[in-house]
Amino acid sequence: MSEDESIVDRARVDEGVLALRPDYRALLITVSGLVGGPSDDLSEAALSHAETVARERLAGTAPETLPEVASWRSAFLDFGVKPRQARSSVEALLRRVDAGLPRINRLTDLYNAISIEHAIPIGGEDLTGYIGPPVLVRADGNEPFDTMANGEPIVESPEPGEVVWRDDVGVTCRRWNWRQCVRTRLTEDTTEALFILDALDPISTEALLKIGEQLTALLRETSPQAQFTSRLIGD
């Protein structure tokens with residue numbers, strides 16, 4: 001068993017999270033042999049197309065009018081987070097569509113494109129920064145979360161009861177899919193990655209798997225030799 005397969009096999013969603021949202025499913029995709037790098041023609045084309053699709057679907061309305069985004073607002077409220085405090089990653093992206101999303105790096109741009117095209121939160125993380133498998137839990141409030149504030153590295157902790165992704169040493173993403181830590185963020189040098197596709201109703205499991213296939217196909221265009229492993233959790 002490869003290390004990527006081991007990580008996917010040991011990943012889990014805690015019962016406390018499923019009790020909060022029984023409709024939650026996660027598709028985890030690990031990839032080795034990726035070709036990272038700066039934003040390029042492929043990532044620009046994918047992101048530009050996705051921005052057009054998102055603008056047409058929104059048609060000038062607020063992102064929370066989409067049922068997929070509304071589900072995440074409800075989920076955040078379920079563990080005590082109001083929209084003014086934090087929004088799901090996909091809502092945050094969709095709010096920037098009219099002005100145009102920032103171009104960050106090839107891999108981040110590609111998964112952001114799939115995220116806004118399908119109105120689904122997607123996280124991308126560098127696997128080499130992981131210590132142990134990813135686990136989605138309700139935080140006890142003492143876990144470390146490394147981030148940046150005013151250009152300086154700091155360590156915070158989540159609120160007790162907050163839904164977080166974590167590994168053996170700390171939180172990798174706060175508030176379900178709101179903000180990722182610095183330790184596992186994708187860079188231009190990333191060659192091994194974990195992508196987490198989050199789904200709540202009305203996204204069906206079939207639709208989730210097809211979205212994963214689209215992301216995989218897009219990554220193959222820039223990394224033809226890449227090796228993929230995937231696992232569906234919560235269905």
Scan segment 95-111 and report the pairs whose first residue is closer than 19 Å to LEU197 by Cα and whose second residue is hydroxyl-bearing (Ser, Thr, Tyr) and buried (at least 20 other Cβ atoms within 10 Å of the Cβ), with Cβ atoms within less than 7 Å and a gap of 6+ or a chain change. ARG106/SER43; LEU107/THR190; ASP109/SER43; LEU110/SER43
Which one of ARG106, ARG57, ARG96, ARG138 is among the charged types (D, E, K, R), in contact with an Asp or Glu (Cβ under 7 Å, 6 or more places away or on another chain) and within 30 Å of THR222 (Cα to Cα)? ARG106
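Could you grab me the full set of residues in segment 120-158 that are among the β-branched types (Val, Ile, Thr) and in contact with a Gly (Cβ under 9 Å, 6 or more places away or on another chain)? I'd like the intermediate steps shown before the answer.
Here is the first cut: in segment 120-158, the residues among the β-branched types (Val, Ile, Thr) are 120, 122, 128, 131, 135, 137, 147, 154-155.
Hits for segment 120-158 are ILE131, VAL137, VAL155.
Answer yes or no as to whether GLU188 is closer than 22 Å to SER32 by Cβ, in contact (Cβ under 8 Å) with a residue 24 or more places away in the chain, of a type in the set (Asp, Glu) and in contact with a helix residue (DSSP H, G or I) (Cβ under 6 Å, 6 or more places away or on another chain).
Numbers: closer than 22 Å to SER32 by Cβ: yes; in contact (Cβ under 8 Å) with a residue 24 or more places away in the chain: yes; of a type in the set (Asp, Glu): yes; in contact with a helix residue (DSSP H, G or I) (Cβ under 6 Å, 6 or more places away or on another chain): no.
It is false that GLU188 is closer than 22 Å to SER32 by Cβ, in contact (Cβ under 8 Å) with a residue 24 or more places away in the chain, of a type in the set (Asp, Glu) and in contact with a helix residue (DSSP H, G or I) (Cβ under 6 Å, 6 or more places away or on another chain).
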So how many residues does segment 9-55 have that are in contact with a strand residue (DSSP E or B) (Cβ under 6 Å, 6 or more places away or on another chain) and either surrounded by fewer than 19 Cβ atoms within 10 Å (Cβ to Cβ) or basic (Lys, Arg) (or both)? 6
Residues satisfying the stated conditions in segment 183-208, i.e. in a helix (DSSP H, G or I) and crowded, with 17+ Cβ neighbours inside 10 Å: LEU208
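Search segment 209-227 for residues being among the polar types (S, T, N, Q) and at pLDDT 95 or above, and hand back the single one that is surrounded by the most Cβ atoms within 10 Å (Cβ to Cβ). Even if it seems obvious, please write down each step before you answer.
Taking segment 209-227 first, the residues among the polar types (S, T, N, Q) are 214, 216, 222-223, 225, 227.
After this cut, where a residue has to be at pLDDT 95 or above as well, the list is 214, 216, 223, 225, 227.
Working: GLN214: 14, THR216: 16, SER223: 20, GLN225: 9, GLN227: 14.
That would be SER223.
Do you know which residues across segment 215-235 are of a type outside the set (Val, Ile, Thr), outside any strand (DSSP E or B) and under 15 Å from the mean Cα position of the chain (by Cα)? So that I can check it myself, show each step before the final result.
Here is the first cut: in segment 215-235, the residues of a type outside the set (Val, Ile, Thr) are 215, 217-221, 223-228, 230-232, 234-235.
If we keep only those that are outside any strand (DSSP E or B) too, we end up with 215, 217-221, 223-226, 234-235.
Matches in segment 215-235: LEU215 only.
Would a scan of segment 50-57 turn up a residue that is closer than 26 Å to LEU127 by Cβ and at pLDDT 95 or above? Steps first, answer last, please.
So the first thing to find is which residues in segment 50-57 are closer than 26 Å to LEU127 by Cβ, and the list is 50.
Subset that is at pLDDT 95 or above: 50.
Checking segment 50-57: at least one residue is closer than 26 Å to LEU127 by Cβ and at pLDDT 95 or above.
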Could you tell me whether segment 62-71 includes any residue that is without any contact (Cβ under 8 Å) to a residue 12 or more places away in the chain and within 23 Å of GLY124 (Cβ to Cβ)? no
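Within the bounds of segment 55-67, is there any residue that is part of a helix (DSSP H, G or I), touching a helix residue (DSSP H, G or I) at 6+ places or on another chain (Cβ under 6 Å), within 23 Å of ALA92 (Cα to Cα) and of a type in the set (Val, Ile, Thr)? So that I can check it myself, show each step before the final result.
Initially, segment 55-67 is screened for residues part of a helix (DSSP H, G or I), giving 55-58, 63-65, 67.
Right, trim to touching a helix residue (DSSP H, G or I) at 6+ places or on another chain (Cβ under 6 Å) and you get 63-64.
Imposing the further condition that a residue be within 23 Å of ALA92 (Cα to Cα) reduces the set to 63-64.
Subset that is of a type in the set (Val, Ile, Thr): none.
Looking through segment 55-67, none of the residues is part of a helix (DSSP H, G or I), touching a helix residue (DSSP H, G or I) at 6+ places or on another chain (Cβ under 6 Å), within 23 Å of ALA92 (Cα to Cα) and of a type in the set (Val, Ile, Thr).
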Inside segment 9-24, can you point out the residues that are outside any loop (DSSP other than H, G, I, E, B), in contact (Cβ under 8 Å) with a residue 24 or more places away in the chain and out of contact with any Phe, Trp or Tyr (no Cβ under 8 Å at 6 or more places or on another chain)? ASP9, ARG10, ARG12, GLY16
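The values are calculated or read from the model by the stated rules, or taken from the named source; none is laboratory data. Every value quoted in this text rests on a predicted model; they were computed, and no experiment measured them. Every residue, glycine as well, gets a Cβ built from its backbone with ideal geometry; the counts of neighbours run over all protein chains shown.
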